[in-house]
Amino acid sequence: MALHVPPFDLSALNVFLAVCDNGSMAAAGRMLGITQPAVSQTIAELEKRVGTRLFDRGVRPMVLTTAGTVLRQYATGLMVEMRQIAARLQEMRSGRVHLLRIGVVDSLSRAVMGEVSSFMRARVDRLVVHAGLTESHAAALLTRQIDFILSVDDLEDIADLERWPLFEEPYMLLCPEGVHPPTAVKDLPAFFAARPFVRFSLRSRTGNEIERYLRRLKLDIPYGQEFDRPEGVLAACRLGGIAITTPLCLYEAGFDGSCGLTCHRLPAGAFRRRLTLVARRREFGRLPLDFAKSLRTVLIEQTLGELAGYFPAFADQMDVLS
């Protein structure tokens, strides 16, 4: 048989699974509303096409052979996928999605969560939003536990994903007011040695990007306190620490001009962070594109202006992407 010709079709697999579940061809026929000879013929043709016996008919009740057990495992998954595809097609025809699960990186929650709720209200029957670390959301997307992610990681090495860039922002140096920032790379070792350096956890994509930046500059900063969320970093800096962070991270944490902290440009050139909407390719029609457009609109019309008010020296480095 040519390799490009499937050895079975979905209807034959459905009959095969019915026999597995019901224990006999007669019982499977009753469940499916067809005759026992029709079931027997379908199974015989299936066995012929795959080139091996699927049931041991020498015992009663008959049992699966080893080959039959393997086929049952794969066939069950295929039938589940088929039903999901049928349901998704029906959703596309109706213009609504029954269930959508979105992972939102925590530093973007305050900026876009209202728009996420508003946009999805007319398009999704049941919306589940998970806020947290990019790394856990990326893994959940690839294992089909999440459908979209708003992420610091665009998963560029993974095929069959759609990517919609949303926002780019600079990393900056956060330190107490009155502290003179370093003006050159050569000043950084002494600057970081003089005060506690507060880290984003290495469990986060942002924390990993900052560590790579420090390694490129050959800076070996002792580990002290580190936090998963921006609020922890901001709180530790208010107690005298310094950190590398971003405008959106500080916005999420509730930064304002009265917190006794100020932001400075890093002396080592451009160091930026990009946020992207990532979805599995071709599963949701235009929904990811329309969602990305709505997020860009709220970022332009609301978030960008607020960030420029908090961080005017960085306004020219923050961009809504298209």
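The values are calculated or read from the model by the stated rules, or taken from the named source; none is laboratory data. Quick caveat, the model's predicted, so the values are computed rather than measured. Ideal geometry is used to build each Cβ from the backbone, glycine not excepted, and the neighbour counts take in all protein chains shown. The area values use the complete protein model at the heavy-atom level, side chains included, leaving out ligands, DNA and RNA. Shrake-Rupley method; radii C 1.70, N 1.55, O 1.52, S 1.80 Å.
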Self-check item: Test set (1) open to solvent by less than 20 Å² (accessible area, probe 1.4 Å); (2) under 16 Å from Pro170 (Cα atoms) - Leu295 fails condition number
Solution: (2)
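Here is a yes/no grid of residues against (1) assigned to a loop (DSSP other than H, G, I, E, B); (2) open to solvent by less than 10 Å² (accessible area, probe 1.4 Å); (3) in contact (Cβ under 8 Å) with a residue 12 or more places away in the chain:
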| position | (1), (2), (3) |
| --- | --- |
| Ile158 | yes, no, yes |
| Trp164 | no, no, yes |
| Glu169 | no, yes, yes |
| Leu173 | no, yes, yes |
| Thr183 | yes, no, yes |
| Pro189 | no, no, yes |
| Asp220 | yes, no, no |
| Gly224 | yes, no, yes |
Quiz item: When region 226-250 is examined, which residues are found to be under 23 Å from the mean Cα position of the chain (by Cα) and open to solvent by less than 10 Å² (accessible area, probe 1.4 Å)?
Solution: Pro230, Thr245, Thr246, Pro247, Leu248, Cys249, Leu250
Quiz item: Do we have Gly269 as assigned to a loop (DSSP other than H, G, I, E, B), on the phi > 0 side of the Ramachandran plot and either without any contact (Cβ under 8 Å) to a residue 12 or more places away in the chain or crowded, with 17+ Cβ neighbours inside 10 Å (or both) here?
Solution: yes
Exercise. From (1) over 21 Å from Thr134 (Cα atoms); (2) touching a residue at least 60 places away in the same chain (Cβ under 8 Å), pick out the condition that doesn't hold for Leu275.
Key: (1)
Exercise. Among what's in region 42-80 and is modelled with pLDDT of 90 or more and in a loop (DSSP other than H, G, I, E, B), pick the residue that is least open to solvent (accessible area, probe 1.4 Å).
Key: Leu54
Quiz prompt | Total residues in region 105-152, condition assigned to a helix (DSSP H, G or I) and among the aliphatic types (A, V, I, L, M) | solution = 11
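Can you name every residue in region 34-58 that is under 13 Å from Val19 (Cα atoms) and under 43 Å from the mean Cα position of the chain (by Cα)? Let's see the steps before the verdict.
Looking only at region 34-58, we keep the residues that are under 13 Å from Val19 (Cα atoms), and these are 34-44, 46, 54-57.
Correct list: Thr42, Ile43, Leu46, Leu54, Phe55.
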Practice problem: Could you run through region 115-139 and say how many residues are closer than 17 Å to Phe284 by Cα and surrounded by fewer than 17 Cβ atoms within 10 Å (Cβ to Cβ)? | Solution: 7
Quiz item: Restricting attention to region 140-156, and to residues there that are among the hydrophobic types (A, V, I, L, M, F, W, C) and open to solvent by less than 30 Å² (accessible area, probe 1.4 Å), which single residue is nearest to Thr303 (Cα to Cα)?
Solution: Leu150
